[in-house]
Amino acid sequence: MMSLSKAEHWDERYQRERDFWLERQPRQLLKSFAHLLPSKGRALDAASGMAINGLFLAQHGLKVYALDISEYALKLAMQLARSEDTILEAAVYDLSNPWLPAGYFDVILNFHFLERAAIPVYRQALTPGGLIFFDTYIRLDDREDTPIYYLEPGELLRSFEGFEVIHYAEEILPQSESHGERGIAQLVARKPEQA
C-alpha cells in the first residue's frame, strides 16, 4: 500500500472530520490576549487548517494570510470567510522549508503545529513590536513516537529569547475521550522595537 503525502493525509483528515473542524472556535489563548492585537496590519495564520483563528484576526481588522498544506482545509476556510463577509488570503504552503518576507507581519499565529525550521523565520518575519502567539505540544517522556513534533520543556521560551514575554505557560492537559494526557507550551511575545 502506498503511503499518503503530508498534503493528502491532511486533505483526507479534513474531509473525514469536516464537521468537527467546522465547530471549532478560536483558540482561548488568542481570545484571552485579543486586547493586544493591533487594529490594522498584516497577520499570518501558519498551518491554519480552516483558519478559524485567522478569521478571528480578520474580524478584528487585520489583513490575514492563511498558509496550510491542505488545499481542502483552505477551501473550507475561504467558504467560511465568504459566509461571514470577511476577507482572507489563503495559499497552499508546506512550512517544512519556510520562507517569509522580513519585517512583514504584525501578528503571527502558530497553533498545534511544530516545524522548528519555521521558528527563526517567524522571528525575522515579524515587524518590530509584532506579536507571536505560539501554542503546541511538549514532550512529556519517551511515550511520543514522533518526537520531532514535540517541543522539549523550556524550548519554546528559549526559541524566542530577546522577545518581551507577555505570557508563557507549560502545563499537562488531562486525558480526554480523544487524547491521552498531553503536555502543552504556550507563548505570547512581542518582538523588540529595535533588534
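Throughout, read-outs are computed from the coordinates displayed, never taken from laboratory work. Predicted model, so just to flag it, every value in this text is computed and none were measured. Ideal geometry is used to build each Cβ from the backbone, glycine not excepted, and the neighbour counts take in all protein chains shown.
Quick look at the values:
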| item | result |
| --- | --- |
| Computed magnitude of the charge dipole of segment 25-190 (debye, nearest 20; Cβ of K, R +1, Cβ of D, E -1) | 660 debye |
| For segment 25-190, with +1 on Lys and Arg beta carbons and -1 on Asp and Glu, the positive-most of L187, Y65, Q25 along the dipole | Y65 |
| Packing-based order for 67-79, 34-46, using average beta carbon neighbours within 10 Å, highest first | 67-79, 34-46 |
| FRET efficiency for H112 and A91, using Cβ-Cβ distance with R0 set to 30 Å, rounded to 0.05 | 0.95 |
| Net lengthening on full extension, L36/E152 (0.36 nm per residue, minus Cα-Cα) | 39.0 nm |
| Packing rank of 80-91, 97-108, 122-133, where each peptide gets the mean count of other beta carbons within 10 Å, highest leading | 122-133, 97-108, 80-91 |
| Label point distance in nm, R16-R139, each placed 7 Å from Cα along Cα→Cβ | 2.7 nm |
| Amide H partners (placed H, <5 Å) of L140, local residues excluded | G183 |
| Gain on full stretching of the segment that runs from K75 to E8 - 0.36 nm per residue minus C-alpha separation | 22.7 nm |
| Straight-distance crosslink candidates among lysines, where the alpha carbon sits under 19 Å from K75 and sequence neighbours closer than 8 are dropped | K6, K63 |
| Cβ-based net charge around V165, under 12 Å, with every Lys or Arg adding one and every Asp or Glu removing one | +1 |
| Kirkwood Rh in Å, taken over all unlike Cα pairs in segment 25-190 | 16.2 Å |
